[in-house]
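Since the structure comes first, as structure tokens, the remarks are kept for the end.
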Amino acid sequence: MTTTSLVEALAEIVGARHVRTALPERVTYARDGLPTHRRVPGVVVLPGSRDEVVAVVRLLAALGIPFVPRGAGTGLSGGALADDDAVLLVLTRLNRIVKIDPSNRVAVVEPGVVNVRLSAAAAPHGLQYTPDPSSQTACTIGGNVAENAGGPHCLKYGVTANHVLALEVVLADGSVVELGSPGGEPWGPDLTGLFVGSEGNFGIATRITVRLLPVPRAVRTLLADFPALRTAGEAVSAVIASGIVPAALEMMDQSCIQAVEDSVYAAGYPRDAAAVLLVELDGSREEAVAADSDTIEGILRANGARSVVGAADAKQRERLWLGRKKAFGAMGRLSRNLVVQDAVVPRSALPDVLETIGRIASSYGLTVSNVFHAGDGNLHPNISFDGRVPGLKARVDAASGEMMAACIAAGGTITGEHGVGLDKLRYMPMIFDGDSLAAMRAVRHVFDPDERVNPGKVVPVHACREWSGVRNVEWGVLAP
Amino acid sequence: MSLVERVRALLGDDAVDVAATHDGVPRVAPASPDAVALLLGTARAEGWRVRIEGAASWLAADAPADLALTTRRLDKIPAIEPQDLSATAEAGIGCDLLRQQLADRGTWLALDPPGLAGRTLGSVVATATAGPLRQGFGSIRDHLLGVTFVTGDGRLVQSGGRVMKNVAGYDLTKLEAGSFGAFGVIVLVHLRLRAVPRADRTLVLEGSREDLAQVTDDITAAGIQPAAHELLSPALARRERWTLAVRFAGSAALVSAEEAGLGAATEGRFTALRVDEARALWTHAAECFAARPVTFRVGGLPESSDELLDLLQHQVGDEWISASPGIGAIRWGGETTADRLRRLRRTLAGLEVPLTLERAPWPVRAAVGHFGAYREGVGPLVTGLRRTFDPGEAFVVAVEGTE
């Protein structure tokens, strides 16, 4: 089939205005939230219903054409980019909240529903959808499922996988399967848990059943400032060891604080602090939350906090959080390009790893800002740079690699919530051996025998024992 | 060379115990994950059929096989990290020993699985048998950071890690949890821990099921968030009537406030148990299930709990039931037949409620299967995954029944 006839066939299914073929249109889908990867898809198609998704996927299956599912494109791993020989299947038109069942505390949504919209819809029932990625005002639940997205409040409430109960999924051949059940007990092995976080490699979730939780009746938000990054890291360990689980425990270093305070999102963070911790406690009992908050405040002070200030009201709390959640955007002021990294270390390793990251950045002459989920040990070292400067991108890549290696050496991993996508492919052999990577690839083949769904992502096929010639375009840096 | 001689040559004399099993199947106890891989690689080559055993206190060690692979010698705890609230344990460690060692380091695994205290960690993970604490702390998979397992053809596969968040690669850990060993022998488990709760309080209320259902609604409406909120049948609670047992665990302030909230929401009808009474209640409720030949779990929506309990009562009786009405999870134990289980599964499937057979004698397991009544398209995926991880069909696991 020629490109023209493919486009005509797609238009037949979704309508001509939902098929994008002009280069300027396709270029708008060439990146996600990470600026270091660029792919221009061959065709972009935007189905408007589950049936249209099925029809498009069946057409592509019949033609043997690869395709890439995509939500709002806010991902940070290059995971939702398609090459020019692939069709980009954008799911933002599937944006209905199908059902909110307050009695059973579940909701059913289509994949294109924006994260924050679900909590807004559940709020009149005193409920919320808890996973809250920083991009929650733009990112979609379908994208969250693909990446197993986290967010600040996942420390207490868990990541996306902990909240997804059931899925309707369109496989690579266009068949539809139902995974999980609204009560959470699977029909057989836990294929829902397997699907969440599979980065689109196993198919397209067209209907998602999630658990809702009560909006906490009591909330306390503390801002603690520290004279040194190490001290703040040690305070994190002390809080975790106390046995009180905060809803969120976030850290920002001085570079990040300055960027936020210089932006429209200025939150009143102390500019002279080496680091601040944003700690939130919540629960159903005001007196319990207040008592736990007092305990945490004491721990923070005992571990070197210069000051600990509680949000006086909901407005101040919102301001503190807006600064944190918009920090990535604020850092855009620092330079033309920003690489948002993602790694996880054991929480007790935070002080040492933060120092190591600082040393690596210095050795490459790079500016690194840290804003991250300290309570989970989930680091986000952000490297600001100007991609137009010759050779600088290569230095950023090399520094990123060293940072990943440092996190792995500390017992950590290469991604906690952004996914592998294209960006982390080269690091996968640093944490998994050939048998483990081959097992992952074999599992993929169960869902997608021809590797047509989001090809070239997650598993670096060259590192698999059972490599059989399928390429990963960007992988190869660490090839044996 | 006989199978036993072959295995002895591979793993050493002390790895094989010919006399130990009741059905004459030689029991092999590899002492390391690598030894498990070596054994299963050989099993694949020789075409041996293998049944997986832990302490044999939960799932009966009665599946027909050429050899029984027990994880008993995989009983080490390589790491407990109180600062990180994580631990790494081999699959053959008994839950009682693990719990004690964790407590000695001020840490707690918030799991209270059914069965005897000495059940192995691997058994709990492979069968995903969570107990009443599932209400507050989630199911088995929510406590796992990663696992290492050995496939049916002897490949050692690692999934996840030992940090709190991890999306590197596909989540094979969740696939392993609750797969009853169909995809591999779990040899190593990385666990998410909590600090030992500063306060731990259990309160109980006896009454009719209808009365306690209303109390459950009151608790939910009041926003009370218990660690466990369990409806126990009279036999299980060793009381005259049904018992609603509510457990709070956490900081002293939290437990005190929640207890006060419970009192206010239920007009002070609950009675607080002493520490020894609470321990006895929960231990008995867990151990009872190991004394009955058949156990299964069903998972419905919270609002359907009453209807499901009625259905169970009608079709298989309600002597041994432990239910978490707040999340719609029910565990049933007792004596029943394969035909009744099949019928019940079909009825439940019509209500969109899965039934997972947790334990039963082999003839019942083989006939009914741990799983069944798959939704559309699930069966081929499960079959494909079994072929992937066990290409020689070495593992004797009743994933699906014969119907």
Listing A:217, B:340 by rising number of other beta-carbon atoms within 10 angstrom, fewest first, gives A:217, B:340
The base-10 log of I(q)/I(0) that the Debye equation returns for the range A:6-128 at q = 0.16, 0.17 Å⁻¹, one scatterer per C-alpha, is -0.80, -0.87
Normalised per residue, the volume inside the convex hull of the alpha-carbon atoms of chain B in Å³ amounts to 139 Å³
With the convex hull built on the alpha-carbon atoms of the range B:268-319, volume per residue in Å³ sits at 127 Å³
For the pair residue B:274 and residue B:238, the simple spin-label estimate (label points 7 Å beyond Cα toward Cβ) gives in nm 1.4 nm
With bins of 5 Å, the percent of all Cα-Cα pairs of the range A:281-361 per bin from 0 is 3, 10, 11, 16, 20, 19, 13, 6, 2, 0
Within the protein assembly as shown, the percent of DSSP beta bridges that are antiparallel, given to the nearest 5, stands at 90 percent
About its Cα centre, chain A carries a charge dipole, from +1 on Lys and Arg Cβ atoms and -1 on Asp and Glu Cβ atoms, whose size in debye to the nearest 20 is 860 debye
Given B:228-241, A:336-349, A:393-406, the highest-first ranking by average Cβ count within 10 Å works out to A:336-349, B:228-241, A:393-406
Largest first and rounded to whole Å, the semi-axes √(5λ) derived from the alpha carbon gyration tensor of the range B:274-359 read 23, 16, 9
Cα extents of the protein assembly as shown along the principal axes, largest first, in whole Å, come to 74, 64, 56
Taking every residue of B:372-380, the Cβ atoms of other protein chains inside 10 Å of its Cβ average out to 6
Per principal axis, largest first, the Cα atoms of the range A:169-289 extend in Å by 57, 36, 28
Here the convex hull volume per residue of chain A, taken over Cα atoms and given in Å³, is 147 Å³
Rounded to two decimals, the Debye log10 I(q)/I(0) of the range B:1-134 (Cα scatterers, no solvent) at q = 0.14 Å⁻¹ is -0.67
Mean per-residue count of partner chain Cβ within 10 Å for A:280-289 equals 5
Taking Cα atoms only, helix A:50-63 is inclined relative to the longest principal axis of chain A by an angle, in degrees rounded to 10, of 60 degrees
If R0 = 56 Å, then residue B:83 and residue B:335, at their Cβ-Cβ distance, give a FRET efficiency to the nearest 0.05 of 0.70
With Cα coordinates, the longest principal axis of chain B makes an angle with the long axis of helix B:209-221, in degrees rounded to 10, of 90 degrees
Across B:22, B:143, B:370, the residue with the highest GNM fluctuation in chain B (Cα network, 10 Å cutoff) is B:22
Treating only Lys and Arg (+1) and Asp and Glu (-1) as charged, each at its beta carbon, one finds that the range B:88-221 has a dipole about its Cα centre, in Debye to the nearest 20, of 580 debye
Taking Cα atoms, the helix A:286-302 axis meets the longest principal axis of chain A at an angle in degrees (rounded to 10) of 70 degrees
Note: B:292-305 gets an average of partner chain Cβ contacts (10 Å, Cβ to Cβ) equal to 3
Taking Cα pairs closer than 8 Å and at least 6 residues apart, the relative contact order of chain B in percent is 16 percent
Rounded to the angstrom and largest first, Cα extents along the principal axes for the range A:321-427 equal 37, 32, 27
If one builds a Gaussian network model of chain B from Cα atoms under 10 Å apart, the most fluctuating residue listed among B:207, B:350, B:115 is B:350
In nm, the gap between the two label points placed 7 Å beyond Cα toward Cβ at residue A:395 and residue A:266 is 3.1 nm
The Cα radius of gyration of the range A:349-411, divided by 2.2 N^0.38 Å with N its residue count, comes to 1.11
Both in Å, the radius of gyration and Dmax of the C-alpha trace of the range A:220-314 are 13.0, 37
Given 25 °C, 0.890 mPa s and a Kirkwood radius over Cα pairs, the Stokes-Einstein diffusion coefficient of the range B:173-226 in µm²/s is 156 µm²/s
Expressed as a whole-number percentage, the relative contact order of the range B:27-156 with C-alpha contacts under 8 angstrom and at least six residues apart is 28 percent
Restricting to Cα pairs under 8 Å and 6 or more apart, the percent relative contact order of the range B:246-376 works out to 23 percent
Measuring from its Cα centre, the protein assembly as shown shows a charge dipole (+1 at each Lys and Arg Cβ, -1 at each Asp and Glu Cβ) which, in debye to the nearest 20, is 1260 debye
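Laboratory data are not the source of any read-out in this text; all were calculated from the coordinates shown. Not measured: the values here are computed from a predicted model. Heads up, the Cβs are rebuilt from the backbone with ideal geometry, glycines too, and the neighbour counts pull from every protein chain shown.
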